[in-house]
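These notes are about the structure you will find just below.
The values are calculated or read from the model by the stated rules, or taken from the named source; none is laboratory data. No experiment lies behind these values; they were computed from the predicted model shown. No Cβ is skipped: glycine too gets one built from the backbone with ideal geometry, and neighbour counts run over all protein chains shown. Surface accessibility is based on the protein's heavy atoms, side chains included, excluding ligands, DNA and RNA. Shrake-Rupley method; radii C 1.70, N 1.55, O 1.52, S 1.80 Å.
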Amino acid sequence: MEFAGYSGLISTALNALPLGFLDGGLVSSAISGKNQIYLSIVSIIILLTLSFIFPFILILLIISVIIGIRGPAPLNNLIKIPKKAMITAATIVTSILIFTMVPAGIQVNHNGGITVNMPSYVIVNKNWHENATLKVSIVNHGAGRITPQFYIDNLSMVVNNGPMYINPGGSGTYNISIMTYNTNLSGYKDYKMLIYTGMQTYNGTLKVYYIKSTPTMVSGNYSNTSSGTVVIGAMVGSNITLKISNNLNYTMNLQAVSISNGMDIFKLTNSHIWENITASSNIFGNGIMLPPDHSINITFRALTPGTWIILFYSNNTSTLVIINVHAVHKRFTFSFFLLFHQQIQNILQAQYAHDLQGPWGAYSQ
């Protein structure tokens, strides 16, 4: 039924073109008379252009040309319509418009729509020559059954599994493979994603982060893993220092982007100022020019536990840094508090003894 409806809409729209003996051609002949031939020529050009996109239109074009591109001449070219007849016809048409049109129109309400749950980003390791996998969940709030269609701008994709349709009030999960195998990129790129259900269109943005590092340019007293990924363990409130090295034979325009974290992360900009790092923010601003065989140290500090991910990238290389920030153990926190309290007492006692000294030396107590 849906296919029949679309076919009817398309055929009706094409039939309205002012071409030959099509319905639009008959109307244009009555209005423009001999000048209708020019409208037919314009319609032929439009159909010929559309036939390159939709080949079936070429059949309609051929049939229309065979039948004739000049529509039939209207009878009022031969017989003059009496003035009274024209007034009567105008009165009838005006009456129909006044007494039959609905002022507010017909309101069609779509009860509900869809809810789309999907990650805002995916990570692709180019060293492993892999494709990105995206999991999308859709909830149908409408009154009819839907069949979602997916599209990602400038990327091919394959829907691996998921229901063929989603009933009203139901949900479905789809695993989508994004063809990033042959994408020669380093860093990250935003792609427009569209989900169409026939009743509603969802427009979103998907960030794809590309890891492509040989050798890894981030090092430190941490556990480095292969294929351009560095895994770091840290405690809340402790400093995290990363060494960024240029192991290539050309100057890198070093960039760093913070992947969504929801944590309180700060970067040390000088010896006294800590700069807050938010999700998806560019840590180095416009970048840092790093010559070959040079390195820099970057110090961070996290105030809340969680997992923070940074992508360092430049030109044709990039490294992913995963920082697992752990909460301080309660016993360790209490011991630290006792040690801090003892140090404060020592400082205060020393200051008190200094204040009590006079010309005769320090008091006994």
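Taking the listed residues LYS212, LYS189, the one that is open to solvent by 10 Å² or more (accessible area, probe 1.4 Å) and over 16 Å from the mean Cα position of the chain (by Cα) is LYS212, with no other qualifying. Annotation note: of VAL116, VAL124, the sole residue that is open to solvent by less than 20 Å² (accessible area, probe 1.4 Å), under 17 Å from the mean Cα position of the chain (by Cα), within 25 Å of LYS189 (Cα to Cα) and at pLDDT 80 or above is VAL124.
Among the candidates TYR188, TYR174, TYR181, the residue that is under 30 Å from THR319 (Cα atoms) and at pLDDT 90 or above is uniquely TYR174. Within the range 273-296, the set of residues being in contact with a strand residue (DSSP E or B) (Cβ under 6 Å, 6 or more places away or on another chain) and either open to solvent by less than 40 Å² (accessible area, probe 1.4 Å) or within 15 Å of VAL218 (Cα to Cα) (or both) comprises ILE277, SER281, ILE283, PHE284, GLY287, ILE288, LEU290, SER295, ILE296.
Among the residues examined, GLY228 qualifies as in contact with a helix residue (DSSP H, G or I) (Cβ under 6 Å, 6 or more places away or on another chain), at pLDDT below 85 and not acidic (Asp, Glu). Considering the range 155-184, the residues that are open to solvent by less than 60 Å² (accessible area, probe 1.4 Å) and aliphatic (A, V, I, L, M) include one that is farthest from ILE259 (Cα to Cα), namely ILE166. Before we move on, is THR133 modelled with pLDDT of 80 or more, loosely packed, with under 15 Cβ neighbours inside 10 Å and at negative phi? When the stated conditions are applied, THR133 passes them. The residue pairs whose first member lies in the range 154-170 and is free of Cβ contacts under 8 Å to residues at least 40 places away in the same chain and under 21 Å from GLY142 (Cβ atoms), whose second member is among the aromatic types (Phe, Trp, Tyr) and open to solvent by 70 Å² or more (accessible area, probe 1.4 Å), and whose beta carbons are closer than 8 Å, counting only pairs six or more residues apart or on different chains, do not exist in this structure.
In this structure, does TYR352 turn out to be more than 23 Å from the chain's Cα centre (by Cα), surrounded by fewer than 14 Cβ atoms within 10 Å (Cβ to Cβ) and either at pLDDT below 60 or assigned to a strand (DSSP E or B) (or both)? Criteria met by TYR352.
Each residue in the range 225-253 was checked for being open to solvent by 60 Å² or more (accessible area, probe 1.4 Å), part of a loop (DSSP other than H, G, I, E, B) and closer than 16 Å to PHE300 by Cα, and 0 pass. Listed by first and then second residue, the pairs linking a residue in the range 7-36 that is basic (Lys, Arg) to a residue that is in a helix (DSSP H, G or I), with Cβ atoms under 9 Å apart and 6 or more places separating them unless they lie on different chains, are LYS34/ASN77. Scanning the range 192-209 for residues that are open to solvent by 70 Å² or more (accessible area, probe 1.4 Å) and among the aliphatic types (A, V, I, L, M) turns up just one, MET199. None of ASN315, ASN270, ASN346 is surrounded by 13 or more Cβ atoms within 10 Å (Cβ to Cβ) and at pLDDT below 80 except ASN315.
Among residues that are over 32 Å from the mean Cα position of the chain (by Cα), over 30 Å from LEU134 (Cα atoms) and modelled with pLDDT under 80, GLY220 is included.
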